[in-house]
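Data block below; observations after.
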Amino acid sequence: MESFAVRRMLRPLAGWSAGVGAYFLLIGALAVSLTEFLADNARFADLAAQAGFAGLGTVHGYVASLFALLAVPVGAFTAVRLAAFAAAETDGRLTLLHAGTLSRARLLAAEVATTTVGAAALVTVAGAATWLGAAVVDADLSLPAALAGTWNVLPVALLSLGSAVLALGRAPRGVAALGMLPSAGGFLLTVVADSTGAPAWVGRLSPYAHLADVPQTAPNWPATAVMVALAGTAVAVGTCGYRRRDVRA
């Protein structure tokens, strides 16, 4: 069952990795030129800070700010993979598996496990690509620092995975939309809250408000643990709902 889930994921993962890798390769390659530009143009730096991108005047601050964007595509990847699983059920492609000896919980667990590994692969590709781009322009960014920055946003993507599994157990037609709420919705909330001067509590509803600016600063381990725990709880509740609800056809 696990090998079947892996085979289903490999081609989509390759496409997502190519897109994410190309984007962050460019981010790394522009590290020196953009940080120098913002260091010389305080007005642009202030506008970026108001939109939630502070600290762009240094290489570590620049990549830390842009690494937050990574949670959006990685979160979307997890939501889309679970939406594909829901579509396979609706289209009847899982009927024989449901009729066999394998439990529905194991089918979903294999999908969740492979999707988690895929998300980890995507953040690793992004970190390596950023470091490679930075190395080409001789920017001050080590590979461990780049990987620390990209892995720092993985808990937000796991929240999207948890939301997608929760939707699968309760509202399978809304898996993709509900799954993207923590990553895409959270990022949009952060930008709007920072841009409009909303009360502090509004911005803190977003998971991005609890991410440290890694590699510029150390990770926020308590917030990371809370997000991972919430994601795990959502997966458990969603799995329980998936086991009990009727098969959708």
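The values are calculated or read from the model by the stated rules, or taken from the named source; none is laboratory data. Note that the coordinates shown come from a computational prediction; the quantities given were computed from them, not determined experimentally. For neighbour counting, all protein chains shown are included, and Cβ atoms are generated from backbone atoms with ideal geometry for every residue, glycine included. Surface areas here come from the heavy atoms of the whole protein model, side chains and all, with no ligands, DNA or RNA. Shrake-Rupley method; radii C 1.70, N 1.55, O 1.52, S 1.80 Å.
Legend: P(r) of region 109-219 from all alpha carbon pair distances, 10 Å bins from 0, whole percents, reading 14, 34, 34, 17, 2, 0. Annotation: per residue accessible area for the chain equals 47 Å², rounded to a whole number [probe 1.4 Å, protein chains only]. Given +1 at the Cβ of Lys and Arg, -1 at the Cβ of Asp and Glu and no other charges, the dipole of the chain around its Cα centre is 1360 debye to the nearest 20.
Surface composition of region 120-249: carbon plus sulfur atoms contribute 68% of the solvent-accessible area (1.4 Å probe, protein chains only, all chains present).
Give me D for the chain in µm² s⁻¹, whole number, from Stokes-Einstein with Rh from the Kirkwood sum over alpha-carbon pairs, 4 °C and 1.567 mPa s. Estimated diffusion coefficient is 69 µm²/s. Potential lengthening of the chain between Ala105 and Ala229 amounts to 42.7 nm, from the contour at 0.36 nm per residue minus the alpha-carbon distance.
I'd like the FRET efficiency for Cys240 and Val6, computed as 1/(1 + (r/R0)^6) with the beta carbon distance as r and R0 of 22 Å, rounded to 0.05. Calculated value: 0.35.
Stokes-Einstein diffusion for region 139-185 at 25 °C, viscosity 0.890 mPa s, with a Kirkwood radius from C-alpha pairs, works out to 208 µm²/s. Per the Cα gyration tensor, region 195-249 maps to an equivalent ellipsoid with semi-axes of 32, 17, 9 Å, ordered largest to smallest. A straight chain from Val192 to Leu26 at 0.36 nm per residue would run longer than the Cα-Cα distance by 57.2 nm. Model label sites at Ala113 and Trp221, defined 7 Å from Cα along the beta-carbon direction, differ in position by 2.8 nm. Seen from all directions on average, region 161-231 presents a Cα convex hull projection of 5.6 nm². Counting only heavy atoms of the protein chains and using a 1.4 Å probe, Thr150 has close to 0 Å² of accessible surface.
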